[in-house]
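A.B. asks: Once you've had a glance at the structure underneath, I'll fire off some questions.
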Amino acid sequence: MTTTVGEVVGAMLARYPADTAEDWDRVGLVVGDPAAAVRRVLLAVDCVPETVDEAVAAGAEMMVVHHPLLLRGVHSVATTTYKGAAVHRLIRSGIALLVAHTNADVASPGVSDALAARLGLLDVRPLRPDGPVRVGRLSEPRPFAELARDVAGRLPATAVGVRAAGDPTRTVETMAVAGGAGDTFLAEVTAAGVDAFLTADLRHHPASEHLAGGGPALLDAAHWATERPWLDALALELRADLSVDTIASDVVTDVWTVHAPSQPADPPPATKERP
Ligand SMILES: [Zn+2]
């Protein structure tokens, strides 16, 4: 039996209802004809030229992505614009595009559940109902610096890896996770009393004030790496719901492509011996 774009949309909305997305967000079908047939779906964090290339090469008839391609007002989809070129390429290639963004963040299970599972957290639960933050406990307590290395090893590999802020020797037993940019959740993870918080896109001032106030130690991972684990969960969900092939994209679409660690400082010049 042939699956249609409309059926994929229906299956996605059943798991990730559109009305649970934030008001500013734009989710749902962006490109495509609901009556068109779909055999293969490419799942990606971002709709960018590299993932569109991957969908074309794979013979996919649909892409399901996390980040909206068109979020703010658009007055042109001419091929001379970056996003217009993507829209044209999708249409010419017969590929529909569906976005599940903050509706996938707040769903249970959703983006941060997949992240928590990737880290091997136990007893995972939403920090608050309908929120995107999940809390859980480590299989065994460990020092924060060791946890940071473990998290970097478990997340999908990126150039930037994981940065950590806080006392490296602090013992961590419980942690909160939020896929994507999570600095708006610093107050609520502090109130939850967890030992560490993993998210992405943290900034100097909010992070330093948070730590000075006694909040959980912070793990700042590549944005893409915190959301990529969800694609594996989504692939299983779509194959359970529909007769489609799925490909979870491993093209790293994180914006940061180089991490250059600081070099050790040069030793101070030797002082001249007085005669
Ligand atoms: Zn994101």
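Rundown of residues vs (1) more than 16 Å from the ligand (Cβ to nearest atom); (2) over 21 Å from A222 (Cα atoms), yes/no style:
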| position | (1), (2) |
| --- | --- |
| L127 | yes, yes |
| P143 | yes, yes |
| G153 | yes, no |
| P156 | no, no |
| G161 | yes, no |
| G166 | yes, no |
| T169 | yes, yes |
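A.B. asks: Determine if region 261-273 includes at least one residue that is crowded, with 20+ Cβ neighbours inside 10 Å and either of a type in the set (D, E) or touching a strand residue (DSSP E or B) at 6+ places or on another chain (Cβ under 8 Å) (or both).
C.D. replies: No.
A.B. asks: Here's another thing I want to ask about it. Of all the residues that make up region 220-248, how many are among the hydroxyl-bearing types (S, T, Y), touching a Leu at 6+ places or on another chain (Cβ under 6 Å) and farther than 19 Å from D113 by Cα?
C.D. replies: Of the residues in that region, 1 qualify.
A.B. asks: Could you list all residues from region 224-255 that are within 15 Å of the ligand (Cβ to nearest atom), open to solvent by 40 Å² or more (accessible area, probe 1.4 Å) and touching a residue at least 40 places away in the same chain (Cβ under 8 Å)?
C.D. replies: Once the filter is applied, which keeps residues that are within 15 Å of the ligand (Cβ to nearest atom), open to solvent by 40 Å² or more (accessible area, probe 1.4 Å) and touching a residue at least 40 places away in the same chain (Cβ under 8 Å), region 224-255 yields only V252.
A.B. asks: Among the residues in region 71-85, are any more than 16 Å from the ligand (Cβ to nearest atom), crowded, with 22+ Cβ neighbours inside 10 Å and modelled with pLDDT of 95 or more?
C.D. replies: no
A.B. asks: Name the pairs: first residue in region 93-109 and of a type in the set (D, E, K, R), second residue at pLDDT 95 or above and in a loop (DSSP other than H, G, I, E, B), Cβ to Cβ under 8 Å, at least 6 apart or on different chains?
C.D. replies: Sorted first by the residue in region 93-109, then by its partner, the pairs are D105/P132.
A.B. asks: Another one. Name the single residue, out of those in region 29-65 being outside any loop (DSSP other than H, G, I, E, B) and of a type outside the set (A, V, I, L, M, F, W, C), that is nearest to the chain's Cα centre (by Cα).
C.D. replies: That would be T51.
A.B. asks: State which residue is nearest to V160 (Cα to Cα) when the search covers only region 175-204 and only residues that are more than 17 Å from the chain's Cα centre (by Cα) and surrounded by 19 or more Cβ atoms within 10 Å (Cβ to Cβ).
C.D. replies: A196
The values are calculated or read from the model by the stated rules, or taken from the named source; none is laboratory data. Everything numeric in this text was worked out from a predicted model, so none of it was measured. Backbone-built Cβ (ideal geometry, glycine too); neighbour counts: all protein chains shown. In case anyone asks, the SASA skips ligands and DNA or RNA and just uses the protein heavy atoms, side chains included. Shrake-Rupley method; radii C 1.70, N 1.55, O 1.52, S 1.80 Å.
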